[in-house]
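Okay, so here's the structure we're looking at.
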Amino acid sequence: MTPSDPFAATEDKPYGDLPEWNLDDLYPGSDSPELKDALAKAAADSIAFEERFKGRLVDLANGADAGEALAEAVKAFEALEDLLGRIMSYAGLLHADDTTDPARSKFYGDVQEKITAASSHLLFFQLELNRIDDALLDKAMADPALGHYRPWLEDIRREKPYQLEDRVEQLFHEKSVTGRGAWNRLFDETMASLRFSVAGEDLAIEPTLNLLQDPDAEKRKAAAEALAETFAANLRLFTQITNTLAKDKEISDRWRGFEDVAASRHLANRVEPEVVDALVTAVRGAYPRLSHRYYRLKAKWFGRDHLDHWDRNAPLPEVPSPTIRFDEARATVLGAYGLFSPDMANIARQFFDDRWIDAPVRPGKAPGAFSHPTVPSAHPYILLNYQGRIRDVMTLAHELGHGVHQVLAGPQGPLMAPTPLTLAETASVFGEMLTFQAVLSETTDPVHKKAMLAAKVEDMINTVVRQIAFYSFERAVHGERRNGELTADRLGELWMDVQGESLGPAIKLQPGYEVFWSYIPHFIHAPFYVYAYAFGDCLVNSLYAVYEDAEAGFQEKYLDMLKAGGSKHHKALLAPFGLDASDPGFWKRGLDVIDRLIGDLEAMEA
């Protein structure tokens, strides 16, 4: 790399130049005339929509031109959803950029209140659509204008048994700002403001978690102890947040008639409970041959009988861990995508060329990584906290998979582009698999190949085993919360139980680990989201096997699946590949892929 290279790593830029997103494609600024006009339009158009259609949908369905009239109403609703979504996406991304900035926090809160007020005028629409007689609606959908929206209309019909009287729905909606939304925001801003003292340096959460992958065992231990100390110091608050949100969910579930604690998530994911139960049973049954077996092997590599919990994701001993510049990560991922499909690589390239990615670690920035779809009239944005490790490259591949999926699904429109969480993880995990296989194929050194395989197995265990353990933890917490509050000690006990079961005897959970439940954001933002990761990983393992055996045409079918967005059920999407998630053997096939990779590592020891 020559000194004049703009991407070259320097002392103050160890990963080279990192891209920062440009949110101007949404709005030029938080005080811009464009945003002020959009907020005014959202408020006025929402009221006008309510005045025009409220109390009239059943009459429209009985009219001679029912299909055309109802389609006109749905299109107007869709346009408002796009406008409101665009505004809220901008506020959310600006806030994620620095959640500790009081001005941004105020802006985010103010916009959230205005959007909630505007959308309260739209609540009636789906409720009234569900009051139209099924036969009348089916007849109206014979008109292509309304028939286009059949998947969305059928989806909201599934929610009919759980919807409440209009004023109760409005109350739930309006109070979400001071209820669940407020507790979510408190968690985010608290977590971003925490500092962890490691070797005399105060770090934010992302750099501290990153040290758990450091080659230096003492640094890993110091990071784990710092995390435990700071989490414990804030445990009262995190316990209160967890108890409050679990009770909030229990109230909503009870009013709506959801009997099982995860039933509302299954409905939102458009997945049958028995399919999820089969996944969970298969993964928990595979703990001994997957995570227990792998960590026993890893402990052996370290010359020990067991590993402390801070060593779980440690790089292999005696294997260099080079820093990977961001331009190298970009080339790796785009190259892997291009080998599979030039069209997919071209879409992914836009994220770099048009500044749709924000990669640097900054104080106050939201931790982790995500791809925010925004709305179909705009484009997605990706947030990373890039720190130059191979896992950061895989995270880039993962989030770009989401981004490509969101771009391809965009033409379905605001109502049908969103994909249920179970299938939303398909493109992301597939993107990771493509990147892993591309890098592995170019790795000739046996030591580095072993490290690559081990890293992939660990990622799969984190995606499958760890996420199902999270799901088991959530089920226990929400189940017990129905009988009263849980103390911090009880939450720690439940956490240690599921972690011990899933990780196995080769991982020693040292004192302090009992508070690590407190930083997992999915428990706060999206209860029971986590099984979607395991669903996606097992699905992709099976999908990739089909790809390897396919003679031709797989790429076109795969891109068609992504283009469908939320317009098809998982059965219909997987049928062209000869896959069926309701088949009892489906999950075993996905888990067998992890089993075989562990077997490959064991063979290297022979």
Seminar exercise, completed: Apart from one, (1) touching a helix residue (DSSP H, G or I) at 6+ places or on another chain (Cβ under 6 Å); (2) farther than 30 Å from Glu318 by Cα; (3) at pLDDT 95 or above all hold for Gln350; the odd one out is (1)
Problem set entry | Per-region count, the stretch 193-213, residues open to solvent by less than 20 Å² (accessible area, probe 1.4 Å) and in contact with a Ser or Thr (Cβ under 8 Å, 6 or more places away or on another chain) | 3
For this session: Kindly check whether there is at least one residue in the stretch 440-448 that is of a type in the set (Gly, Ala, Ser), assigned to a helix (DSSP H, G or I) and touching a helix residue (DSSP H, G or I) at 6+ places or on another chain (Cβ under 6 Å).
Result: no
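Using the structure shown, decide if Ala217 is over 30 Å from Asn483 (Cα atoms) and open to solvent by 30 Å² or more (accessible area, probe 1.4 Å).
yes
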Exercise. So which of Ile87, Ile132 ends up being buried (at least 18 other Cβ atoms within 10 Å of the Cβ), in a loop (DSSP other than H, G, I, E, B) and touching a residue at least 24 places away in the same chain (Cβ under 8 Å)?
Worked result: Ile132
Problem set entry | Any hit, the stretch 369-386, residues being under 23 Å from Gln213 (Cβ atoms), open to solvent by 10 Å² or more (accessible area, probe 1.4 Å), touching a strand residue (DSSP E or B) at 6+ places or on another chain (Cβ under 8 Å) and hydroxyl-bearing (Ser, Thr, Tyr) | yes
Exercise. With the stretch 488-593 as the region, which helices (runs of 4 or more DSSP H) entirely inside it contain at least 2 residues that are among the basic types (Lys, Arg) and either open to solvent by less than 40 Å² (accessible area, probe 1.4 Å) or farther than 25 Å from Arg293 by Cβ (or both)?
Worked result: 554-563
Exercise. Inside the stretch 246-272, can you point out the residues that are open to solvent by 30 Å² or more (accessible area, probe 1.4 Å), more than 22 Å from Pro521 (Cα to Cα) and modelled with pLDDT under 95?
Worked result: Arg270, Glu272
Exercise. Hey, any hits in the stretch 165-178 for a residue that's open to solvent by 50 Å² or more (accessible area, probe 1.4 Å), closer than 30 Å to Leu122 by Cα and modelled with pLDDT of 95 or more?
Worked result: no
Problem set entry | Restricting the stretch 259-287 to residues that are charged (D, E, K, R) and either in contact with a Leu (Cβ under 8 Å, 6 or more places away or on another chain) or part of a helix (DSSP H, G or I) (or both), the residue that is farthest from Val530 (Cα to Cα) | Glu274
For this session: Considering (1) open to solvent by 20 Å² or more (accessible area, probe 1.4 Å); (2) farther than 30 Å from Glu514 by Cβ; (3) modelled with pLDDT of 95 or more, say which one Glu480 fails and leave the rest.
Result: (2)
Exercise. Hey, among the residues in the stretch 594-605 that are over 26 Å from the mean Cα position of the chain (by Cα) and of a type outside the set (Val, Ile, Thr), which one's least open to solvent (accessible area, probe 1.4 Å)?
Worked result: Leu601
For this session: Select, from Lys568, Lys557, Lys563, the only residue that is farther than 26 Å from His478 by Cβ and free of Cβ contacts under 8 Å to residues at least 40 places away in the same chain.
Result: Lys557
For this session: Report, by residue number, each residue of the stretch 143-161 that is under 25 Å from the mean Cα position of the chain (by Cα), touching a residue at least 60 places away in the same chain (Cβ under 8 Å) and open to solvent by 50 Å² or more (accessible area, probe 1.4 Å).
Result: Arg158, Glu159
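Has the stretch 168-178 got at least one residue that is in contact (Cβ under 8 Å) with a residue 24 or more places away in the chain and either charged (D, E, K, R) or in contact with a His (Cβ under 6 Å, 6 or more places away or on another chain) (or both)?
Going through the stretch 168-178, the residues in contact (Cβ under 8 Å) with a residue 24 or more places away in the chain turn out to be 168-170, 172-174, 176-177.
So of that shortlist, the ones also either charged (D, E, K, R) or in contact with a His (Cβ under 6 Å, 6 or more places away or on another chain) (or both) come out as 169, 174.
Yes, the conditions are met somewhere in the stretch 168-178.
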Seminar exercise, completed: Just one listed residue, out of Phe107, Phe124, is part of a helix (DSSP H, G or I) and open to solvent by 30 Å² or more (accessible area, probe 1.4 Å), and it is Phe107
For this session: Kindly indicate the residue of the stretch 6-49 that is open to solvent by 40 Å² or more (accessible area, probe 1.4 Å) and more than 32 Å from the chain's Cα centre (by Cα) and also modelled with the lowest pLDDT among those meeting that condition.
Result: Pro6
For this session: Would you confirm whether any residue within the stretch 53-69 is at positive phi, open to solvent by less than 60 Å² (accessible area, probe 1.4 Å) and not basic (Lys, Arg)?
Result: yes
Exercise. When Gly55 is evaluated against the numbered criteria (1) part of a helix (DSSP H, G or I); (2) under 16 Å from Leu127 (Cα atoms), which criterion, by number, is the only one it fails?
Worked result: (1)
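Condition check ((1) touching an Asp or Glu at 6+ places or on another chain (Cβ under 7 Å); (2) in contact (Cβ under 8 Å) with a residue 60 or more places away in the chain; (3) within 21 Å of Phe187 (Cβ to Cβ)) across all residues:
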site	(1), (2), (3)
Gly492	yes, no, yes
Glu514	no, no, yes
Phe528	yes, yes, yes
Ser542	no, no, no
Ala545	no, no, no
Problem set entry | Selected residue (criterion: farthest from Ile507 (Cα to Cα)) from residues of the stretch 288-321 that are open to solvent by 50 Å² or more (accessible area, probe 1.4 Å) and part of a helix (DSSP H, G or I) | Arg289
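The values are calculated or read from the model by the stated rules, or taken from the named source; none is laboratory data. Keep in mind that this is a model prediction, so the values were computed, not measured. As a convention, Cβ positions derive from the backbone with ideal geometry for all residues, glycine included, and neighbour counts pool all protein chains shown. For accessibility, only protein heavy atoms count, side chains too; no ligands or nucleic acids. Shrake-Rupley method; radii C 1.70, N 1.55, O 1.52, S 1.80 Å.
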